[in-house]
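Written below as structure tokens is the structure these notes are about.
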Amino acid sequence: MSDTTTATNDSGARPRGRVALFVTCLVDLYRPEIGFAAVQLLERAGFVVEVPRQGCCGQPNFNSGDRAGAGKIASRVIDRFAPFDYVVAPSGSCAAMLRVHYPGLFSAGSEARRAAARLAEKTFELTSFLYDIAGLREVAAELDGVVTYHDGCSGLRELGVARQPRELLKSISGIELREMNQPDACCGFGGLFCMKYPEISERITGSKVRDILATDADYLVAGDLGCLLQMAGTLERNGHAVKAVHVAEVLAGMIGPDRSADH
Amino acid sequence: METTSRQFRQLSRHALEQATLQHSLDGVREIMPRIRAAALAERGDFDALCDRARDIRERTLRQLDSYLEAFERRVQAAGGTVHWAATGEEACRIVAQICRDAGAERLIKSKSMVTEEIELNAALERDGFTVTETDLGEYIIQLRGEKPSHILAPSLHVTLDEVAETFHQHHDIERSGPLTNATEMLAEARSIMRDKFLQADVGITGANFLVAETGAAVIVTNEGNADLTASLPDTHIVVTGIEKAVPTLDDVGVLLRVLARSAIGERLSNYTTFVHGPRRDGEASGPANYHVVLVDNGRSEMLGTEFQDMLRCIRCSACLNHCPVYTAIGGHAYGSVYSGPMGAVLTPAFAGLPAAAHLPNASTFCGRCEAVCPVRIPLPSLLRRWRQRELNARPVMDGQRFGLGLWRWLNHWPPAYSLAIRCAARVLRRLSVPGRGGQRWIRRLPLLGAAWTDCRDLPAPPGRTFQDEWRRRRS
Ligand code: SF4
């Protein structure tokens, strides 16, 4: 593939497979460091990571009722990512789009449906890939502080991501994981929802922030940048010092007092 | 069905400003998930039970007509009459006629969402009958001239002080004296209610299930008022939806178990009553006349469509209690007696999509409703289908259609996409200002972006996209 760049496996061992990073459009635009953190974690786990040219997974179209548009975008993604052993996304929501919703966009029995199903099978959210597929149980990172973990809705309920990020976070030396009340409650982001009904969204995030603050955590950790932008923006607007960081950044050891959150 | 769902925006803004409502909703958000979870934990097989509940409801809907006919035959054999109402108006007319035939003036009712849906009280009052709700919550909102704000706790939005105030306004104050706490208010309502029960000519109830095997109408309450409503007056009318049929008594056993746990975190509700028909020869009590009014009102049109799954609903309210949107704005904002996720699916079906277009859109798709639904209704998927219909009904030049079309196009042309994202990254960076700890923030965005920055700040992107930076570092 001419527009695909390849990284070498720096663990020295034989590579365990080729992973295509589905970086997600939000990470691409807002926080590239999350993408680099994901690459680092995957490479350390022994995989060769590639980044095919890519855009959005089509979720805004799908959730807005534009099935045809979502199908068009999905076909493109399926073509691009089909050649790899695995597709990994640092987002439960985008991974669930590929894994749970793509096949249903194509008519039953069609070749497109089969291709979507093949892609779905090898698509994973980052922490569940590291934990369930790569068998990772601990990461070499340090973080002196209290973190609280928010479950992104799609990752939790569509992919069953809950235990994996927590187990990996707990393996970090110096860290204390303190659960908030109802970590599984929605943060109020909801994709376009937060733009269409901003006041309702704000109220939902208000409850979430209350639960976050009650833990006295230094860091709010989540696996989805959409949720993080929403919660970080609300924490900042209301003058709270809790830092909102992505689980990949924490696991890759990119977060700490001496490492600025802004890159 | 009459709704004010078109005013969803205004209604939800209003709800967000009501401090006492917000306090009640906080209570729902905090307490209901906890008590439901505790009730589930007690039964290791709750998931399996829900699968059975779903299967029972699915099986019923596949042959709804034959189960309803079997139910009708059993009711007739017991001496009752079954009426079929295609619309809400027809149902109201049938009930009014039964009341007239009985020479009735005073009617009592127990809580029923179907009668709220068809606005039975208003119709009966127009016809000159006096109707009294006997469920405490329903009674309170009846006095206040309000609609239910929760399908199980209709007066959730009313504070204790407001209840006292309402009673003072409507009851004889001399006799009442000051009402300072819930116990006194309950005693007050009870003293009023006793006479109403004894004087009533007709009792109207809903039904949670209609058992095809036995002809029983199953009525579940927590206050026991339905039992008095069904047994004291000379005539008992059951008004309920056609989807309430259930094949057998065993099936009801499964549904009752998932209903109470999902609704109130209990093994069973306080009162579960099986009504079989009028008083039999030799029986000392019970009504002389027994009628069941089966209301369609849009339900059969959902059968065989992509919305059929919604007819499995047993009105447990778990989806409301676990919904971030419902617990932010309460039931009245939906402008429909059915609120929360189930209401957002049902209201467009009953009132038409144009009237209720906001409801399926006002969801974060967090999926908690589907996760807690005891009959496993895929609520987010159903909402998404409404969104699809709503989007397709919009004019071609509609802003949202244009935006989605543009996004699809950009995602098909990688160079255009890269350019757009690159531009966005730079522009957003430019708009940012320095904040704490070296992080840059965007405090205000123009145009559409204001919908974000009116409520929250936006972390600034570094200005270079991941894909560009990746290629730069790896080349
Ligand atoms: S949709 Fe499901 S959770 Fe909601 S009220 Fe109906 S049965 Fe209960």
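Residues that are more than 14 Å from the ligand (Cβ to nearest atom) and over 24 Å from B:Arg74 (Cβ atoms): which helices (runs of 4 or more DSSP H) entirely in region B:289-332 hold 1 or more of them?
Numbers: elements: B:299-302, B:318-321, B:326-329.
Result: B:299-302, B:326-329.
I'd like the residue in region A:29-46 that is closer than 20 Å to A:Gln230 by Cα and in contact (Cβ under 8 Å) with a residue 12 or more places away in the chain and, out of all such residues, is surrounded by the most Cβ atoms within 10 Å (Cβ to Cβ).
The initial filter retains those residues of region A:29-46 that are closer than 20 Å to A:Gln230 by Cα, namely A:29-35.
Narrowing the set further to residues that are in contact (Cβ under 8 Å) with a residue 12 or more places away in the chain leaves A:30-35.
Details: A:Tyr30: 24, A:Arg31: 27, A:Pro32: 23, A:Glu33: 23, A:Ile34: 29, A:Gly35: 24.
It comes out as A:Ile34.
Restricting attention to region B:12-26, which residues are open to solvent by less than 50 Å² (accessible area, probe 1.4 Å) and within 12 Å of chain A (Cβ to nearest Cβ)? Break it down into steps so the answer makes sense when it comes.
Narrowing region B:12-26 to residues open to solvent by less than 50 Å² (accessible area, probe 1.4 Å): B:12, B:15-16, B:21-22, B:24-26.
Matches in region B:12-26: B:Ser12, B:Ala15, B:Leu16, B:Leu21, B:Gln22, B:Leu25, B:Asp26.
Could you pull out the residue among B:Val218, B:Val254 that is within 15 Å of B:Leu294 (Cα to Cα), within 16 Å of the ligand (Cβ to nearest atom) and surrounded by fewer than 24 Cβ atoms within 10 Å (Cβ to Cβ)?
Criteria check complete, one pass: B:Val218.
Can you tell me which condition B:Arg267 does not meet? The list is (1) within 15 Å of the ligand (Cβ to nearest atom); (2) touching a helix residue (DSSP H, G or I) at 6+ places or on another chain (Cβ under 7 Å), and all the others hold.
(1)
If a residue must be free of Cβ contacts under 8 Å to residues at least 24 places away in the same chain and over 22 Å from A:Ala232 (Cα atoms), how many such residues does region B:399-451 contain?
So the count comes out to 22.
What are the pairs, 6+ residues apart or on separate chains, where a residue within region A:152-175 that is of a type in the set (Lys, Arg) has its Cβ under 6 Å from a residue that is part of a loop (DSSP other than H, G, I, E, B)?
Listed pairs, sorted by first residue: A:Arg157/B:Gly367.
Could you list, ordered by first residue, the pairs with Cβ atoms under 6 Å in which the first is in region B:297-322 and within 14 Å of chain A (Cβ to nearest Cβ) and the second is near the ligand (Cβ under 10 Å from one of its atoms) and not in a helix (DSSP H, G or I), at least 6 apart or interchain?
If the second residue must be near the ligand (Cβ under 10 Å from one of its atoms) and not in a helix (DSSP H, G or I), the pairs left are B:Cys319/B:Cys373.
Only one of (1) modelled with pLDDT under 95; (2) open to solvent by less than 20 Å² (accessible area, probe 1.4 Å) is not met by B:Ala355, so which one is it?
The single condition B:Ala355 does not satisfy is (1).
Can you find a residue in region A:219-238 that is over 16 Å from the mean Cα position of the chain (by Cα) and either more than 30 Å from B:Met32 (Cβ to Cβ) or more than 10 Å from every other protein chain (Cβ to nearest Cβ) (or both)?
yes
Output the residues belonging to region A:193-222 that are of a type in the set (Asp, Glu) and closer than 21 Å to A:Ala248 by Cβ. Please lay out each step first, then the result.
At the first step, the residues of region A:193-222 found to be of a type in the set (Asp, Glu) are A:199, A:202, A:211, A:216, A:218.
Residue satisfying the conditions is A:Asp218 alone.
Which of (1) in a helix (DSSP H, G or I); (2) farther than 14 Å from B:Trp407 by Cα; (3) open to solvent by 10 Å² or more (accessible area, probe 1.4 Å); (4) in contact (Cβ under 8 Å) with a residue 40 or more places away in the chain is the odd one out, the single condition A:Pro83 does not satisfy?
So the condition that A:Pro83 fails would be (1).
What is the number of the single condition among (1) open to solvent by 60 Å² or more (accessible area, probe 1.4 Å); (2) at pLDDT below 95; (3) part of a helix (DSSP H, G or I); (4) not small (Gly, Ala, Ser) that B:Glu89 does not meet?
Every listed condition holds for B:Glu89 apart from (2).
Go through (1) open to solvent by less than 30 Å² (accessible area, probe 1.4 Å); (2) in contact with a helix residue (DSSP H, G or I) (Cβ under 6 Å, 6 or more places away or on another chain); (3) of a type outside the set (D, E, K, R) and name the single condition A:Ile172 misses.
The single condition A:Ile172 does not satisfy is (2).
How many residues are among the aliphatic types (A, V, I, L, M) and either away from chain A (no Cβ under 12 Å) or over 17 Å from B:Leu156 (Cβ atoms) (or both) when one looks only at region B:27-40?
Going through region B:27-40, the residues among the aliphatic types (A, V, I, L, M) turn out to be B:28, B:31-32, B:35, B:37-40.
Then keep just the ones that are either away from chain A (no Cβ under 12 Å) or over 17 Å from B:Leu156 (Cβ atoms) (or both); that gives B:35, B:37-40.
Number satisfying all stated conditions: 5.
Would you be able to tell me the number of residues in region A:18-28 that are over 12 Å from the mean Cα position of the chain (by Cα), within 13 Å of another protein chain (Cβ to nearest Cβ) and open to solvent by 20 Å² or more (accessible area, probe 1.4 Å)?
Number of matching residues: 0.
Go through region B:402-461 residue by residue and tally those that are open to solvent by 40 Å² or more (accessible area, probe 1.4 Å), at the interface with chain A (Cβ under 7 Å from one of its Cβ atoms) and assigned to a strand (DSSP E or B).
Residues that pass the stated criteria total 1.
Which of the residues belonging to region A:103-144 are under 23 Å from A:Ala38 (Cβ atoms), open to solvent by 10 Å² or more (accessible area, probe 1.4 Å) and either within 14 Å of another protein chain (Cβ to nearest Cβ) or aromatic (Phe, Trp, Tyr) (or both)?
Matches in region A:103-144: A:Phe124, A:Tyr131.
Only one residue in A:Val49, A:Val100 is touching a helix residue (DSSP H, G or I) at 6+ places or on another chain (Cβ under 9 Å) and open to solvent by less than 30 Å² (accessible area, probe 1.4 Å). Which one?
Unique residue meeting the criteria: A:Val49.
Quickly run through region B:462-475 and pick out the residues that are in a helix (DSSP H, G or I) and open to solvent by 70 Å² or more (accessible area, probe 1.4 Å). Walk me through how you get there before you give the answer.
Of region B:462-475, the ones in a helix (DSSP H, G or I) are B:466-474.
Once the filter is applied, which keeps residues that are in a helix (DSSP H, G or I) and open to solvent by 70 Å² or more (accessible area, probe 1.4 Å), region B:462-475 yields B:Arg472, B:Arg473, B:Arg474.
Applying the selection to region A:212-238, what residues are open to solvent by 50 Å² or more (accessible area, probe 1.4 Å) and free of Cβ contacts under 8 Å to residues at least 60 places away in the same chain? Explain how you work it out, then say what you get.
Step one: of region A:212-238, the residues open to solvent by 50 Å² or more (accessible area, probe 1.4 Å) are A:213-214, A:216, A:218, A:237-238.
Across region A:212-238, the qualifying residues are A:Leu213, A:Ala214, A:Arg237, A:Asn238.
Could you tell me which numbered condition A:Asn61 fails, if it satisfies all but one of (1) assigned to a helix (DSSP H, G or I); (2) open to solvent by 10 Å² or more (accessible area, probe 1.4 Å)?
All conditions pass for A:Asn61, except number (2).
Could you run through region B:160-185 and say how many residues are modelled with pLDDT of 90 or more, loosely packed, with under 14 Cβ neighbours inside 10 Å and within 27 Å of the chain's Cα centre (by Cα)?
Going through region B:160-185 one residue at a time, the tally reaches 2.
Do you know which residues across region B:98-155 are within 16 Å of the ligand (Cβ to nearest atom), in a helix (DSSP H, G or I) and among the hydrophobic types (A, V, I, L, M, F, W, C)?
Filtering region B:98-155 for residues within 16 Å of the ligand (Cβ to nearest atom) gives B:111-114, B:116-117, B:148-154.
Subsequent filtering for residues that are in a helix (DSSP H, G or I) retains B:113-114, B:116-117.
Within region B:98-155, B:Met113, B:Val114 qualify.
Pick out, from region B:340-382, the helices (runs of 4 or more DSSP H) lying fully within it that include 1 or more residues that are more than 17 Å from B:Glu306 (Cβ to Cβ), more than 13 Å from every other protein chain (Cβ to nearest Cβ) and more than 8 Å from the ligand (Cβ to nearest atom).
Working: elements: B:340-351, B:353-356, B:358-361, B:368-372.
Correct list: B:340-351, B:353-356.
The values are calculated or read from the model by the stated rules, or taken from the named source; none is laboratory data. Keep in mind that this is a model prediction, so the values were computed, not measured. All Cβ positions, glycine included, derive from the backbone under ideal geometry; neighbour counts span all protein chains shown. Heavy atoms of the whole protein, side chains included, go into the accessibility calculation; ligands, DNA and RNA do not. Shrake-Rupley method; radii C 1.70, N 1.55, O 1.52, S 1.80 Å.
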